[in-house]
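Visitor: A single structure is presented below for examination.
The values are calculated or read from the model by the stated rules, or taken from the named source; none is laboratory data. Please read all numbers here as calculations on a predicted model, not as lab measurements. Ideal geometry is used to build each Cβ from the backbone, glycine not excepted, and the neighbour counts take in all protein chains shown. Only protein heavy atoms, including side chains, enter the accessible area calculation; ligands, DNA and RNA are left aside. Shrake-Rupley method; radii C 1.70, N 1.55, O 1.52, S 1.80 Å.
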Amino acid sequence: MIDLIQGLEAHLKSRIRGQDHVISKVCSVLERGELGLSPEGRPKGTFLFMGPTGVGKTELTLAFTRYLFPHDKNDLMFRFDMSELLHVDAIKQFIGDETGSIGRLGKVLIKHNKGVLLFDEIEKANRLIWDLFLQILDAGRITLGNDQIYDLSQFYVVCTTNIGSADILRPNHLPFATIERAVIAKLYQTFRPELIGRFSEKIVFKRLSYDVQREIAQLTLEKEISRLGKLGYPLTVDDSVLEFLVRKGVDKLLGARPMRATVERYLGDVIRHALKQGQSGCGEVFYNEPSDRLEIK
């Protein structure tokens with residue numbers, strides 16, 4: 001166990017860029033959870049991640065899930081899109097009802113007794129759903145609609161929210177600590193203090209700078225080149241390719257979220273076009289400026 005947690009922070013920093021201040025706080029909670037130091041009768045750790053889309057909230061959650069549970073055949077991160085639970089029947093969809101339905105959460109808990117529960121964009125859920133988190137976060141259990149009680153003490157719970165994203169994305173030269181205070185102040189305008197206070201950590205993610213976006217593009221590109229090489233298409237790239245992918249793969253609203261799909265699309269198209277022309281699909285990829293696309297020499 002000591003060996004596992006000693007490598008945790010370095011592992012996460014190798015996969016998540018531009019959020020070192022987040023990783024140190026997350027590792028503190030995760031390491032205490034893995035060492036059995038979390039309060040008895042609660043989840044192993046609970047997080048409220050704040051920030052705009054595409055800054056690494058979900059990617060970080062997936063990264064630490066796979067690190068902490070490496071031997072499970074299936075990923076033990078279970079994601080719930082809370083924007084789908086807006087209407088008055090949301091409670092029944094989420095935890096079932098007296099007819100015997102166990103709801104979306106119950107379908108996970110009936111099969112798994114450990115892992116990571118990710119509740120994405122929690123501010124979009126019906127307010128009755130928010131009340132359920134008082135029980136989840138404080139008592140480490142949930143009572144489903146069929147009156148069955150499930151233990152959540154071996155789970156980590158992550159909630160994300162876009163509240164305050166405009167403050168983070170707005171171009172300014174304010175210290176990050178000032179931006180954090182503004183975001184958290186808006187958080188208290190939306191949620192009840194007793195709910196916010198039950199999270200182990202409430203963490204604001206930073207906007208990604210150009211340099212960080214470039215690093216993310218580089219990592220994504222390296223992974224895709226490795227994957228394609230294993231399929232029999234060894235590729236090399238020059239610097240122009242990376243700049244092209246940063247331009248195409250970063251969105252003002254979505255951040256770096258489209259990057260993986262962008263890299264897969266453009267490298268895949270390069271090979272596809274080459275094969276259609278009777279070429280091998282292998283070689284050096286470069287950016288052809290007049291045609292604004294990638295090609296293989």
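Visitor: Hey, got the Cα dimensions of the chain along the principal axes, in Å, largest first?
Guide: The Cα atoms of the chain stretch 64, 45, 44 Å along their principal axes.
Visitor: For the pair His173 and Gln135, how long in nm is the line joining their label points, each one 7 Å along Cα→Cβ?
Guide: Inter-label distance under the simple model: 5.3 nm.
Visitor: Excluding residues fewer than 8 places away in the same chain, name every one of the aspartates and glutamates whose C-alpha is closer than 20 Å to that of Lys297.
Guide: Candidates past the 8-residue exclusion: Glu222, Glu224, Asp238, Asp239, Glu243, Glu264, Asp269, Glu284, Glu289.
Visitor: Then there's this: Which whole-number value in Å² is the accessible area per residue of the chain, probe 1.4 Å?
Guide: Counting only protein heavy atoms, the per-residue value for the chain is 51 Å².
Visitor: Taking Cα pairs under 8 Å and at least six residues apart, what relative contact order does the chain come out at, in percent?
Guide: Computed over the chain, the figure is 20 percent.
Visitor: Specify the residue with the greatest mean-square fluctuation among Lys111, Lys206, Lys92, computed from a Gaussian network of the chain linking alpha-carbon atoms under 10 Å apart.
Guide: So, out of Lys111, Lys206, Lys92, the one fluctuating most is Lys111.
Visitor: So what's the angle, to the nearest 10 degrees on a 0 to 90 scale, between helix 239-249 and the longest Cα principal axis of the chain?
Guide: 40
Visitor: Let me ask something else about it. Using only the alpha-carbon atoms, how far is helix 259-276 inclined from the longest principal axis of the chain? Give it as 0 to 90 degrees, nearest 10.
Guide: Once rounded, the angle reads 40 degrees.
Visitor: Over region 168-233, with every protein chain in place, what whole percent of the accessible area is carbon and sulfur at 1.4 Å, could you tell me?
Guide: 54
Visitor: Using θ = phi - 60° and the Karplus curve 6.51 cos²θ - 1.76 cosθ + 1.60, what whole-Hz ³J(HN,Hα) does each residue of region 173-181 get, with Gly and Pro shown as x?
Guide: Those phi angles translate into 10, 6, x, 4, 4, 5, 5, 4, 4 Hz.
Visitor: Let me know the Rg and Dmax you get for region 1-66 when you use only its Cα atoms, in Å.
Guide: Final numbers for Rg and Dmax: 12.1, 34 Å.
Visitor: To continue, here is another question. May I ask you to work out the translational diffusion coefficient for region 55-164 at 25 °C, viscosity 0.890 mPa s, via Stokes-Einstein with Rh from the Kirkwood sum over Cα pairs, reported in whole µm²/s?
Guide: Numbers: Rh = 14.4 Å.
In µm²/s, the coefficient rounds to 171.
Visitor: Nearest 10 degrees, 0 to 90: what angle lies between the long axis of helix 127-139 and the longest principal axis of the chain (Cα atoms)?
Guide: Approximately 80 degrees, to the nearest 10.
Visitor: Can I ask one more? Mind jotting down a quarter of the surface of the convex hull over the alpha carbons of region 198-297, in square nanometres, one decimal?
Guide: Here the figure is 8.3 nm², rounded to one decimal.
Visitor: Still on this structure: Stretch Arg293-Glu98 to full length: gain in nm at 0.36 nm per residue minus the Cα-Cα span?
Guide: So the extension gain works out to 64.5 nm.
Visitor: How much of the DSSP beta bridge set in the chain is antiparallel, as a percent to the nearest 5?
Guide: Of the beta bridges lying entirely in the chain, close to 25 percent run antiparallel.
Visitor: If you roll a 1.4 Å probe over region 1-153 with all protein chains in place, what percent of the accessible area is carbon or sulfur?
Guide: 48
Visitor: Near Lys92, which lysines are there with a Cα under 18 Å away, not counting those fewer than 8 places off in the same chain?
Guide: Lys107, Lys124
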